[in-house]
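Peer 1: Got a structure here, written out as structure tokens. Questions coming.
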Amino acid sequence: MGDHQPFIGSVAIANGLLKKHQLRAHFRALFPDVYIAEDVALTLGTRAHAGWLWSRRQGVIAGLTASAMHGAQWVDDLLPIELVWSNARAPRGLRTHDWTLYTEERCLVASLPVTTVERTAFDIGRRGRLDEAVARLDALGNATGFKIDDVLAVAERHPGARGLRQLRAGLDLYDAGAESPKETWLRLLLIRAGYPRPQTQIPVWSPDGRRKYRIDMGWADIKVGVEYEGDHHRVDKPRYDYDITRYEDLNFLRWKMIRVVGRDREPAILARVERAWASRLR
């Protein structure tokens, strides 16, 4: 038992490592009979470890929890920990799934049993709204670079699973080049407006050949780029200064850039893209 790792309270007491009053005074319960030191900051990984201990080390970490453990960004740390385990009476903060899981669909991450990247994609792509599923697939793909065919191979092993139609639709829209849910949203907006599927992370060298840039998405053949500008572009002074040079270089190279921010409305965004396309097709 380490002070910074979760542990099973009854086992610690039975082994003489703690007294009951010490457990109550200096540790907090994360899940029934699973404790951690009061002063330890909780992370998703710590909570996942605690959830696995609650399952008496029988569960397999899955879903969005597994996605985060594989390195995916944009997973809320406060979401319930997901486990593949048959116990349907999960306590608050845990979500269990009675799913069929084959041996080749699990692996170890930080010494914990976790669904493989491909199995994780299979699970997160079948749930929620389609756009949310695509954003989650994009985030997992950005971290791991998983291949669509490998996920479809998992689907072939589970022909009766719920949500397979959405999974296939999500994989058709999946792009590992998306670096945020907002970039996914913007890409889907362009596709559904009828534009050719934009290339993501387009590499462009500065005019002097010294700096390599990447454009969020766009069409290199007509030099039209579209980017989502988060708040970090405004509040990060070095990034702000870098962006000034970057956009001057892109302008010199005759790239037409559409910069989208959170307050922009979809019709206005599409109107700007339409004007940029029209200017290049004259």
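Peer 1: Considering only the range 229-247, how many residues are surrounded by 12 or more Cβ atoms within 10 Å (Cβ to Cβ) and either modelled with pLDDT of 95 or more or of a type outside the set (Ser, Thr, Tyr) (or both)? Give the derivation first.
Peer 2: Quick first cut of the range 229-247, residues surrounded by 12 or more Cβ atoms within 10 Å (Cβ to Cβ) only: 229-230, 233-234, 236, 239-240, 242-243, 245-247.
Filter again for either modelled with pLDDT of 95 or more or of a type outside the set (Ser, Thr, Tyr) (or both), leaving 229-230, 233-234, 236, 239, 243, 246.
So the answer is 8.
Peer 1: Select from the range 198-228 the residues that are in contact with a Phe, Trp or Tyr (Cβ under 8 Å, 6 or more places away or on another chain), open to solvent by 70 Å² or more (accessible area, probe 1.4 Å) and not in a strand (DSSP E or B) and list them in ascending order.
Peer 2: Arg211, Lys223
Peer 1: Specify the residue that is least open to solvent (accessible area, probe 1.4 Å); the eligible residues are those in the range 1-15 that are touching a helix residue (DSSP H, G or I) at 6+ places or on another chain (Cβ under 8 Å), modelled with pLDDT of 90 or more and part of a loop (DSSP other than H, G, I, E, B). Let's see the steps before the verdict.
Peer 2: The first filter runs over the range 1-15 and keeps only residues touching a helix residue (DSSP H, G or I) at 6+ places or on another chain (Cβ under 8 Å), leaving 1, 5-9, 12-13.
Cutting the leftovers down to modelled with pLDDT of 90 or more gives us 5-9, 12-13.
Filter again for part of a loop (DSSP other than H, G, I, E, B), leaving 5-6.
On the way: Gln5: 94, Pro6: 10 Å².
Top of the filtered list is Pro6.
Peer 1: Let me ask something else about it. Quick check: anything in the range 105-117 under 19 Å from the mean Cα position of the chain (by Cα), in a loop (DSSP other than H, G, I, E, B) and surrounded by 17 or more Cβ atoms within 10 Å (Cβ to Cβ)?
Peer 2: Among the residues of the range 105-117, at least one is under 19 Å from the mean Cα position of the chain (by Cα), in a loop (DSSP other than H, G, I, E, B) and surrounded by 17 or more Cβ atoms within 10 Å (Cβ to Cβ), which makes the answer yes.
Peer 1: Among the candidates Leu23, Leu18, Leu53, single out the residue that is over 30 Å from Ala72 (Cα atoms), open to solvent by less than 30 Å² (accessible area, probe 1.4 Å) and part of a helix (DSSP H, G or I). Steps first, please.
Peer 2: On the way: Leu18 fails: part of a helix (DSSP H, G or I); Leu53 fails: over 30 Å from Ala72 (Cα atoms).
Just one listed residue meets the conditions, Leu23.
Peer 1: Working only within the range 28-43, note down all residues that are within 23 Å of Gln58 (Cβ to Cβ), out of contact with any Ser or Thr (no Cβ under 6 Å at 6 or more places or on another chain) and either open to solvent by less than 60 Å² (accessible area, probe 1.4 Å) or acidic (Asp, Glu) (or both).
Peer 2: Narrowing the range 28-43 to residues within 23 Å of Gln58 (Cβ to Cβ): 29-36, 42-43.
Narrowing further to those that are out of contact with any Ser or Thr (no Cβ under 6 Å at 6 or more places or on another chain): 29-32, 34-36, 42-43.
Correct list: Leu30, Phe31, Val34, Tyr35, Ile36.
Peer 1: Being touching a helix residue (DSSP H, G or I) at 6+ places or on another chain (Cβ under 6 Å), open to solvent by 40 Å² or more (accessible area, probe 1.4 Å) and either at pLDDT 95 or above or not in a loop (DSSP other than H, G, I, E, B) (or both) is true for just one of Arg136, Arg95. Which residue is that? Steps first, answer last, please.
Peer 2: Values: Arg95 fails: touching a helix residue (DSSP H, G or I) at 6+ places or on another chain (Cβ under 6 Å).
Being touching a helix residue (DSSP H, G or I) at 6+ places or on another chain (Cβ under 6 Å), open to solvent by 40 Å² or more (accessible area, probe 1.4 Å) and either at pLDDT 95 or above or not in a loop (DSSP other than H, G, I, E, B) (or both) holds for just one of Arg136, Arg95, which is Arg136.
Peer 1: Still on this structure, please answer the following. When you look at Asp264, is it part of a loop (DSSP other than H, G, I, E, B), of a type in the set (Asp, Glu), open to solvent by less than 80 Å² (accessible area, probe 1.4 Å) and under 29 Å from Leu281 (Cβ atoms), yes or no?
Peer 2: Values: part of a loop (DSSP other than H, G, I, E, B): yes; of a type in the set (Asp, Glu): yes; open to solvent by less than 80 Å² (accessible area, probe 1.4 Å): yes; under 29 Å from Leu281 (Cβ atoms): yes.
In short, yes.
The values are calculated or read from the model by the stated rules, or taken from the named source; none is laboratory data. Everything numeric here is computed off the predicted structure, so don't read it as measured data. All Cβ positions, glycine included, derive from the backbone under ideal geometry; neighbour counts span all protein chains shown. Just the protein is used for accessible areas: all its heavy atoms, side chains included, with ligands, DNA and RNA removed. Shrake-Rupley method; radii C 1.70, N 1.55, O 1.52, S 1.80 Å.
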